[in-house]
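**Q** Once you've had a glance at the structure underneath, I'll fire off some questions.
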Amino acid sequence: MKVYFRTLGCPKNEVDSDIARQLLQKEGWEIVESPGQADAVVVNTCAFIQDAKEESIEAIFSLSRMKEERPVLLAVSGCLGQRYNRELFEEIPEADLVIGVNDYQDLGKLLDQAARLRRSSPCPRQFEECPGMYARVEGGSAYLKIAEGCNNRCTYCVIPQIRGGYRSRRMEAILDEAVALGQRGAKELVLIAQDVTGYGRDLYGSLMLPALLKRLEKVEGVEWIRLMYCYPDKIPDQLIEEIRRNSKVCPYVDMPVQHASQTVLKAMNRAGGREVILSAIQRLR
């Protein structure tokens with residue numbers, strides 16, 4: 001059986017699709033690069049903002065037209081499948097399978113069973129590893145997921161409802177993946193999570209990103225480490241010093257500032273407020 005993936009949304013979805021591909025290959029599925037070659041099509045969707053939802057729905061309907069020409073399984077997965085599992089199943093009869101963000105380990109079995117089937121498993125309380133399954137290396141760069149979920153509870157954001165509470169990966173598992181990615185040719189590791197600066201507090205009782213960066217510096221083959229989603233209220237001087245000292249961490253921080261109005265930030269339930277944002281920027285500079 002041949003399967004094609006269409007992935008929409010953020011890098012976390014890209015990593016989920018990479019892991020799902022490897023799990024399917026391990027079970028004997030063949031991954032193809034064109035939907036026209038596939039016996040099954042998986043649309044990994046995004047539901048973060050309205051435009052993302054519309055793009056996902058458009059992709060589902062576009063790919064569903066293949067059913068008019070030949071039999072093909074259509075599976076909807078990811079954030080839209082997690083948040084609107086029942087609604088999608090009822091309103092898109094072309095979809096044979098609708099699953100959420102926590103069902104990829106069973107994707108092969110679910111595709112084999114698919115005949116108008118839906119499932120959306122609850123989010124686990126700890127990060128669930130898929131041993132030996134890693135993100136792809138493309139152009140010398142690879143995403144490295146260090147945590148899942150979010151505890152920030154911003155008033156405009158649905159991520160905690162979709163992906164659950166914040167769950168850090170154990171440092172040893174992250175380092176094992178970093179070594180494997182380096183051996184596969186990754187020169188740059190892009191650390192991703194909904195909030196990379198929150199890493200470790202749930203597992204180790206304190207913010208552990210500086211300690212993780214220190215250990216990642218020793219990974220052979222990797223030359224650059226880039227940080228995405230660094231929240232300004234979790235950028236202590238210790239982290240800034242490690243960014244300055246570390247020979248591999250790029251002098252670059254992807255920071256979701258969102259706004260400069262204290263009133264708007266309060267309405268958004270953003271931690272810290274304007275002064276914390278300005279302080280983080282000044283200290284980084």
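The values are calculated or read from the model by the stated rules, or taken from the named source; none is laboratory data. Because the structure is a prediction, the values reported are computed rather than measured. No Cβ is skipped: glycine too gets one built from the backbone with ideal geometry, and neighbour counts run over all protein chains shown. These accessible areas exclude ligands, DNA and RNA; they are computed on the full protein's heavy atoms, side chains included. Shrake-Rupley method; radii C 1.70, N 1.55, O 1.52, S 1.80 Å.
**Q** Which residues, counting only those in segment 221-234, are closer than 22 Å to residue 188 by Cα, in contact (Cβ under 8 Å) with a residue 40 or more places away in the chain, open to solvent by 10 Å² or more (accessible area, probe 1.4 Å) and in contact with a helix residue (DSSP H, G or I) (Cβ under 6 Å, 6 or more places away or on another chain)?
**A** 231
**Q** Identify all residues within segment 230-250 that are in contact with a Leu (Cβ under 9 Å, 6 or more places away or on another chain) and within 17 Å of residue 279 (Cα to Cα); write none if there are none.
**A** 230, 232, 234, 235, 236, 238, 239, 240, 243
**Q** If you check residue 89 against the conditions, is it farther than 14 Å from residue 18 by Cα and either in a loop (DSSP other than H, G, I, E, B) or polar (S, T, N, Q) (or both)? So that I can check it myself, show each step before the final result.
**A** Details: farther than 14 Å from residue 18 by Cα: yes; either in a loop (DSSP other than H, G, I, E, B) or polar (S, T, N, Q) (or both): no.
Answer is no for this residue.
Residue-by-condition table, conditions (1) surrounded by 21 or more Cβ atoms within 10 Å (Cβ to Cβ); (2) aliphatic (A, V, I, L, M); (3) in a loop (DSSP other than H, G, I, E, B):
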| position | (1), (2), (3) |
| --- | --- |
| 5 | yes, no, no |
| 16 | yes, no, no |
| 24 | yes, yes, no |
| 53 | no, no, no |
| 58 | no, no, no |
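**Q** Consider residue 75 against the criteria (1) open to solvent by 30 Å² or more (accessible area, probe 1.4 Å); (2) out of contact with any Ser or Thr (no Cβ under 8 Å at 6 or more places or on another chain): it satisfies all of them except one. Which criterion is unmet?
**A** Only one criterion in (1) open to solvent by 30 Å² or more (accessible area, probe 1.4 Å); (2) out of contact with any Ser or Thr (no Cβ under 8 Å at 6 or more places or on another chain) is unmet by residue 75, namely (1).
**Q** I would also like to ask the following. Return the residues of segment 93-105 that are open to solvent by 10 Å² or more (accessible area, probe 1.4 Å) and either touching a helix residue (DSSP H, G or I) at 6+ places or on another chain (Cβ under 8 Å) or free of Cβ contacts under 8 Å to residues at least 12 places away in the same chain (or both); say none if nothing qualifies. Break it down stepwise before answering.
**A** Start the filter on segment 93-105 by keeping residues that are open to solvent by 10 Å² or more (accessible area, probe 1.4 Å), which leaves 93-94, 96, 101-102, 104-105.
Across segment 93-105, the qualifying residues are 94, 101, 102, 104, 105.
**Q** Shifting gears a bit: Would you check if there is a residue in segment 172-180 being open to solvent by 10 Å² or more (accessible area, probe 1.4 Å) and under 30 Å from residue 73 (Cα atoms)?
**A** no
**Q** Farther than 25 Å from residue 9 by Cα and of a type outside the set (A, V, I, L, M, F, W, C) - does that describe any residue in segment 126-134?
**A** Filtering segment 126-134 for residues farther than 25 Å from residue 9 by Cα gives none.
Looking through segment 126-134, none of the residues is farther than 25 Å from residue 9 by Cα and of a type outside the set (A, V, I, L, M, F, W, C).
**Q** Being assigned to a strand (DSSP E or B) and within 21 Å of the chain's Cα centre (by Cα) is the filter here, so list the residues in segment 60-86 that pass it.
**A** Looking only at segment 60-86, we keep the residues that are assigned to a strand (DSSP E or B), and these are 73-78.
75, 76, 77, 78, listed by residue number.
**Q** Of everything in segment 270-280, what is assigned to a loop (DSSP other than H, G, I, E, B) and either aliphatic (A, V, I, L, M) or at positive phi (or both)? Give them in sequence order. Give the derivation first.
**A** Initially, segment 270-280 is screened for residues assigned to a loop (DSSP other than H, G, I, E, B), giving 270-273.
Within segment 270-280, 271, 272, 273 meet the criteria.
**Q** Restricting to segment 128-171, name every residue that is surrounded by fewer than 20 Cβ atoms within 10 Å (Cβ to Cβ) and of a type in the set (Phe, Trp, Tyr).
**A** 156
**Q** Continuing with the same structure: Of the conditions (1) touching a Ser or Thr at 6+ places or on another chain (Cβ under 9 Å); (2) in contact (Cβ under 8 Å) with a residue 60 or more places away in the chain, residue 207 clears all except one; give me its number.
**A** In the conditions (1) touching a Ser or Thr at 6+ places or on another chain (Cβ under 9 Å); (2) in contact (Cβ under 8 Å) with a residue 60 or more places away in the chain, residue 207 misses (2) alone.
**Q** Same structure, new question: Given the residues 244, 283, which is the only one that is assigned to a helix (DSSP H, G or I), open to solvent by 50 Å² or more (accessible area, probe 1.4 Å) and farther than 30 Å from residue 220 by Cβ?
**A** Numbers: 244 fails: farther than 30 Å from residue 220 by Cβ.
The unique qualifying residue is 283.
**Q** Here's something else I'd like to know. If a residue must be open to solvent by less than 30 Å² (accessible area, probe 1.4 Å) and either in contact with a helix residue (DSSP H, G or I) (Cβ under 8 Å, 6 or more places away or on another chain) or not in a strand (DSSP E or B) (or both), how many such residues does segment 247-269 contain? Steps first, please.
**A** Initially, segment 247-269 is screened for residues open to solvent by less than 30 Å² (accessible area, probe 1.4 Å), giving 249-250, 256, 265.
Applying the additional criterion that residues be either in contact with a helix residue (DSSP H, G or I) (Cβ under 8 Å, 6 or more places away or on another chain) or not in a strand (DSSP E or B) (or both) yields 249, 256, 265.
So the count comes out to 3.
**Q** Please state which of the following conditions residue 67 fails to meet, knowing it meets all the rest: (1) under 24 Å from residue 194 (Cα atoms); (2) modelled with pLDDT under 95.
**A** Result: residue 67 fails condition (1) only.
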